[in-house]
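The values are calculated or read from the model by the stated rules, or taken from the named source; none is laboratory data. The structure displayed is predicted, hence computed values, not measured ones. For neighbour counting, all protein chains shown are included, and Cβ atoms are generated from backbone atoms with ideal geometry for every residue, glycine included. Ligands, DNA and RNA are excluded from the accessible area calculation, which covers all protein heavy atoms including side chains. Shrake-Rupley method; radii C 1.70, N 1.55, O 1.52, S 1.80 Å.
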Amino acid sequence: MARDRVRNDLRSRITHLAARIMAEDGIEDYALAKRKAARQAGVADSRQLPTNQEIDDALRAYQELYQPDEHRIRLRELRSKAIKVMRELEQFNPHLTGSVLNGNAGKFANIDLQLYTDNPKSVELFLIDREIPYKTAQSRLYAGGELRTFPLYTVNDGAIEILVTVLATDELRTAIRKNLDGRNIERAKLRAVEQLLAQT
């Protein structure tokens with residue numbers, strides 16, 4: 001019983017440390033934040049690590065308590081920028097994902113978009129035609145339980161990086177995850193993001 005209480009206390013400590021690290025340092029990588037928090041707490045046992053959902057909840061509470069105005073202004077700015085970009089990319093059925101959607105965006109948050117088209121090359125041609133500088137990479141995601149590789153374009157808009165993952169139209173009906181046993185990635189269409197901005 002006492003061991004369980006100690007384990008729960010440690011897990012809670014790591015959760016709140018990870019949330020503070022993400023809020024203050026602008027880290028978006030949950031695994032990195034967990035490792036840093038575990039080191040700070042002096043915990044080597046990976047079974048003590050919290051879930052991403054636990055960190056999300058703690059991060060939201062931290063931002064509401066310690067960064068209410070700063071966070072609200074930053075989130076509004078990021079959602080406004082996301083809407084502008086989504087309107088420009090409307091022909092590719094853009095969906096917002098990540099921390100700008102769920103409201104946990106930190107100081108250095110990226111805007112994460114998913115585009116859906118049966119011609120992935122058309123996205124790159126769109127960027128080239130408009131002379132928009134970009135970097136290419138690949139995003140590895142689980143689509144319907146199968147690990148797949150999708151084109152990823154990074155566009156720099158001032159201080160904000162926009163990460164654009166291009167998926168096939170059929171993937172809209174598929175559960176997309178970052179990890180096989182993780183949660184489905186939440187995604188929102190333009191209209192839903194506009195409504196979110198109105199509430200921010």
Residue in region 101-118 that is in a helix (DSSP H, G or I), touching a residue at least 40 places away in the same chain (Cβ under 8 Å) and either of a type in the set (Ser, Thr, Tyr) or more than 22 Å from Gln199 (Cβ to Cβ) (or both) present: no
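Quickly run through region 39-51 and pick out the residues that are assigned to a helix (DSSP H, G or I) and either at pLDDT 90 or above or open to solvent by 50 Å² or more (accessible area, probe 1.4 Å) (or both).
Across region 39-51, the qualifying residues are Arg39, Gln40, Ser46, Arg47.
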Output for region 133-191, where each listed residue is open to solvent by less than 30 Å² (accessible area, probe 1.4 Å) and part of a loop (DSSP other than H, G, I, E, B): Gly182
Breaking point among (1) closer than 27 Å to Thr149 by Cα; (2) among the hydroxyl-bearing types (Ser, Thr, Tyr); (3) out of contact with any strand residue (DSSP E or B) (no Cβ under 8 Å at 6 or more places or on another chain), for Tyr66: (1)
Test result for Leu125, out of contact with any Cys (no Cβ under 7 Å at 6 or more places or on another chain), more than 29 Å from Arg72 (Cα to Cα) and assigned to a helix (DSSP H, G or I): yes
Test: residue in region 88-96 that is open to solvent by 40 Å² or more (accessible area, probe 1.4 Å), outside any helix (DSSP H, G or I) and in contact with a Leu (Cβ under 9 Å, 6 or more places away or on another chain): yes
